[in-house]
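To start, the structure under review is shown below, and the notes come after it.
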Amino acid sequence: QTCEAILYGYANSRHQLKAWPSPQVFAIDIWLQNYWQKLSNQAREPFNQFHLLGRQEENFIWLGLLEASSDSIPLLNTSDTAIAVSRAYQLAKQWQITSPDISAYSGISDVAAFLHWSGQFTEYCRANQLISLSDATEKIITDLEQGNTELENEIYLLGFDNPPPLYQKLFDSLPRTTLLKSLNNKPSSSAPDTTRYSFADMASEVMACAKWARDIANKSPAAHIGIVCE
């Protein structure tokens with residue numbers, strides 16, 4: 001769910017009130033970036049020692065590394081491969097898959113190339129005082145575990161029914177003074193309520209579908225309505 005949809009749903013649940021405080025809703029990447037930037041502005045180490053890379057900046061570095069190795073590792077589409085390698089690096093960090101774990105499969109050419117590029121990326125960032133969001137998250141966790149920072153009194157999680165180990169470690173490191181609640185949005189395990197209809201033609205089916213959606217919207221303006229067709 002997008003932040004806008006969450007805010008809209010919250011506002012709809014408060015529509016009977018004349019006014020209400022609007023909650024702060026962030027994607028987790030934005031929350032982490034804000035956390036890093038706040039402590040960097042306070043001249044806190046190690047946050048003030050690195051420039052936190054944006055997504056485009058990180059992709060640009062990956063692209064440069066892949067282009068520099070084109071003689072030994074030729075690619076048909078360097079730009080798309082750079083995005084894929086960046087995503088693979090992020091996933092490896094989030095699921096805490098270490099280089100030794102990946103090295104067990106270095107006999108596969110794609111894995112060997114990924115290990116080569118990952119090592120170059122790490123060295124480039126270290127030499128230029130840069131840091132990716134995935135690597136920054138690990139430093140944020142360390143800071144939280146040391147109890148150096150005060151956070152919001154309440155944090156609610158939505159969409160983290162099965163978080164990657166890195167995020168679970170992040171949530172576990174939040175201070176005890178912060179109330180952490182997970183809003184479970186898993187579908188119900190019970191059988192869905194289904195009804196089958198038949199129509200004489202496409203026009204009748206489309207009209208019935210539109211009426212069905214309108215009836216739901218009239219009852220619940222904030223409802224999320226999905227229509228799947230061939």
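The values are calculated or read from the model by the stated rules, or taken from the named source; none is laboratory data. From a predicted model like this one, the values you see are computed outputs, not experimental measurements. Note that we place each Cβ from the backbone using ideal geometry, even for glycine, and neighbour counts take in every protein chain shown. Accessible surface is based on the protein model in full, side chains and every heavy atom, while ligands, DNA and RNA are left aside. Shrake-Rupley method; radii C 1.70, N 1.55, O 1.52, S 1.80 Å.
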If I ask for residues that are on the phi < 0 side of the Ramachandran plot and either part of a loop (DSSP other than H, G, I, E, B) or exposed (fewer than 14 other Cβ atoms within 10 Å of the Cβ) (or both), which ones from the range 32-47 would you list?
Asn34, Gln37, Lys38, Asn41, Gln42, Arg44, Glu45, Pro46
One residue is enough: does the range 92-111 have a residue meeting the conditions assigned to a helix (DSSP H, G or I), of a type in the set (A, V, I, L, M, F, W, C) and open to solvent by 60 Å² or more (accessible area, probe 1.4 Å)?
no
What single numbered condition from (1) farther than 19 Å from Tyr167 by Cβ; (2) exposed (fewer than 12 other Cβ atoms within 10 Å of the Cβ); (3) within 25 Å of the chain's Cα centre (by Cα); (4) in contact (Cβ under 8 Å) with a residue 24 or more places away in the chain fails to hold for Ala27?
(1)
Looking only at the range 125-134, filter to residues that are part of a helix (DSSP H, G or I) and of a type in the set (A, V, I, L, M, F, W, C); which one of those is surrounded by the fewest Cβ atoms within 10 Å (Cβ to Cβ)?
Ala127
Residues in the range 191-199: is at least one within 23 Å of the chain's Cα centre (by Cα) and surrounded by 10 or more Cβ atoms within 10 Å (Cβ to Cβ)?
no
Please determine whether any residue of the range 49-56 is among the basic types (Lys, Arg) and part of a helix (DSSP H, G or I).
yes
Restrict the check to the range 9-20 and report whether at least one residue is free of Cβ contacts under 8 Å to residues at least 60 places away in the same chain, surrounded by 14 or more Cβ atoms within 10 Å (Cβ to Cβ) and not in a helix (DSSP H, G or I).
no
Please work out which residue is surrounded by the most Cβ atoms within 10 Å (Cβ to Cβ), limiting yourself to the range 48-82 and to residues that are aliphatic (A, V, I, L, M) and at pLDDT below 95.
Ile73
Scan Thr149, Thr137, Thr177, Thr122 and give me the residue that is β-branched (Val, Ile, Thr), assigned to a loop (DSSP other than H, G, I, E, B) and surrounded by 12 or more Cβ atoms within 10 Å (Cβ to Cβ).
Thr149
Tell me which of these Ser70 doesn't satisfy, since it passes every other one: (1) part of a helix (DSSP H, G or I); (2) more than 22 Å from Ala223 (Cα to Cα); (3) not aliphatic (A, V, I, L, M).
(1)
The one condition in (1) modelled with pLDDT under 95; (2) of a type in the set (Asp, Glu); (3) within 30 Å of Pro175 (Cα to Cα); (4) open to solvent by 30 Å² or more (accessible area, probe 1.4 Å) that Asp143 fails to fulfil
(4)
Picking from Asp135, Asp215, Asp161, which residue would you name as being within 26 Å of Ala11 (Cβ to Cβ) and at pLDDT 90 or above?
Asp215
Result of the Cβ filter at 9 Å on the range 168-187, keeping first residues that are within 10 Å of Tyr156 (Cα to Cα) and partners that are small (Gly, Ala, Ser) and at pLDDT below 90, at least 6 apart or interchain, is Leu183/Gly159
Among residues belonging to the range 152-170 that are among the aromatic types (Phe, Trp, Tyr) and under 14 Å from Lys181 (Cα atoms), point out the one that is least open to solvent (accessible area, probe 1.4 Å).
Phe160
